[in-house]
Each structure stands twice: as C-alpha cells, then as structure tokens.
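**Student:** Below are the structure tokens for one structure; questions will follow.
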Amino acid sequence: MFIGHFGMGFAAKAAATKVSLGTLLLAAQFIDLLWPTLLLLGVEKVRILPGATIVTPLLFEHYPVSHSLLAVLCWATVLGAAYYLLKRDRNAALVLGLLVASHWLLDLVVHQPDLPLYPGSPVMAGLNLWFSLPATLAVEVPLFALGIWIYAKHTTPTDNSGKWGLWTLVTFLLLIYAGNLFGPPPPSTVAIAWAGQLQWLLVIWGYWLDKHRMLAPQA
C-alpha cells in the first residue's frame with residue numbers, strides 16, 4: 001500500500017489540527033521511511049521477483065525491525081512519546097502513535113503473509129489483497145480520496161501556493177502510484193532503497209504546504 005498511507009496522514013489533520021501535515025505524513029509513512037535505510041545497511045532484505053503478486057514484484061523476505069507488529073508498536077510509542085515530550089500535547093501524540101500503527105494494519109490487508117508478529121516470529125500475517133489489482137485499487141484509491149477530502153474540508157488555502165500546492169501534491173502521489181503499478185520492475189534492491197529515501201521530500205512538501213493553509217472556520 002502506498003497512497004492509502006498518505007490518505008491516513010491527510011485525514012488525521014481533522015483529529016490533530018495543530019500538527020503540521022508534514023508530521024502527520026511522517027507518522028503515517030514512518031516504517032516505510034525507516035525501511036530503505038535498513039535495506040541499505042543490510043539489516044533487512046527484499047527480493048525482486050516479477051509476478052510475485054499482481055500488484056508488486058517485491059518479495060519482502062526479512063524486515064522485522066521496521067515491519068513486525070511488535071516493532072511497529074514500539075515505534076508508535078517512541079514517536080508519540082517524543083512528540084509529547086516536545087509539545088506536551090497528549091491528543092496529538094496519541095494521533096501520531098496511532099498513525100504509525102495504522103501503517104501495519106493497512107499493510108496487513110494488502111500484503112502476502114510476510115508480516116512478522118515479532119522479530120523471529122514463525123507466524124506471518126497478510127490478507128494478500130495484492131492478488132487482485134481491481135480489489136487493491138477499490139480499497140486504496142477511496143482511502144486516499146477520503147483523506148484528501150477530509151484535509152481539504154478542514155483547511156483552507158491562505159494563498160495560491162496553498163491552493164495549487166495541495167492538488168499538485170495529490171497529482172504527484174497518484175503519478176508515483178501509477179508508476180509503481182504499471183511501470184517496469186525496479187532494477188535492483190539498492191535502487192529501491194534510494195528511491196524510498198526520496199519519500200522524505202514528500203514529508204518536506206507536507207510541511208511547506210501546511211504553512212500555506214490554515215484551519216477552515218468550520219473546523
């Protein structure tokens with residue numbers, strides 16, 4: 001799942017109105033931001049196998065630090081606690097922690113049974129929605145659209161950058177998603193890892209965008 005996670009980040013603005021969109025996107029994508037670095041360090045492993053699933057050619061062979069349920073719950077606690085210590089905002093800290101945890105739950109829906117419950121777990125979880133492209137799109141696209149709608153409803157642009165920046169970001173995310181679905185397989189795992197690092201630019205985009213939008217009066 002890709003744009004579904006971003007949809008969760010956008011939607012969370014309604015529950016944590018004082019938190020920047022950049023921080024919300026960081027939390028929603030946190031374990032996928034961590035994963036590329038672990039790939040580069042050789043701590044976690046992925047294999048490229050065209051046809052591995054209908055949706056993605058990737059076989060996630062070993063990623064207990066970033067994607068095991070226990071690890072994700074720990075990362076959720078760490079991120080939420082860190083935000084609370086910095087801002088003393090209990091509600092926002094809870095929302096950020098839940099966003100981190102939501103990533104595992106959404107991955108559970110789409111992944112093959114490759115998500116460990118804890119490091120070294122012999123049991124793997126995954127409902128394998130990736131067996132079907134239409135089913136995957138039927139879940140992920142509405143989730144993304146709902147998140148954008150909620151964010152747009154609860155914020156309003158303060159200038160043209162805030163107005164067009166949002167829809168440019170939405171378009172850009174959809175183009176990346178289409179490339180992932182219909183483009184050629186990545187050339188190497190190193191390329192996957194470096195491409196994954198570029199997601200930090202989307203987080204920075206979220207911080208920039210939020211500076212050009214404010215809470216809507218009804219929010």
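**Student:** Before we move on, is ALA101 under 19 Å from GLY7 (Cβ atoms), touching a helix residue (DSSP H, G or I) at 6+ places or on another chain (Cβ under 6 Å) and either buried (at least 18 other Cβ atoms within 10 Å of the Cβ) or among the charged types (D, E, K, R) (or both)?
**Tutor:** Yes: the conditions hold for ALA101.
**Student:** State yes or no: is GLY196 assigned to a helix (DSSP H, G or I), touching a residue at least 12 places away in the same chain (Cβ under 8 Å) and over 19 Å from the mean Cα position of the chain (by Cα)?
**Tutor:** Taking the combined requirement at face value, the residue does not satisfy it.
**Student:** Considering only residues that are free of Cβ contacts under 8 Å to residues at least 40 places away in the same chain and polar (S, T, N, Q), look in the range 53-98 and name the one that is surrounded by the most Cβ atoms within 10 Å (Cβ to Cβ).
**Tutor:** Going through the qualifying residues, I end up with SER66.
**Student:** It is to be established whether one or more residues within the range 171-179 are in a helix (DSSP H, G or I), of a type in the set (Val, Ile, Thr) and in contact (Cβ under 8 Å) with a residue 60 or more places away in the chain.
**Tutor:** yes
**Student:** Could you check the range 128-162 and list, in sequence order, the residues that are loosely packed, with under 15 Cβ neighbours inside 10 Å and either of a type in the set (Ser, Thr, Tyr) or over 20 Å from the mean Cα position of the chain (by Cα) (or both)?
**Tutor:** Selection gives PHE131, SER132, PRO134, LYS153, THR158, ASP159, ASN160.
Rule-based calculations on the coordinates, nothing more; no lab input. Fair warning: this is a prediction, and the values are worked out from it, not measured in the lab. In this analysis, Cβ positions are derived from the backbone assuming ideal geometry, glycine residues included, and neighbour counts consider all displayed protein chains.
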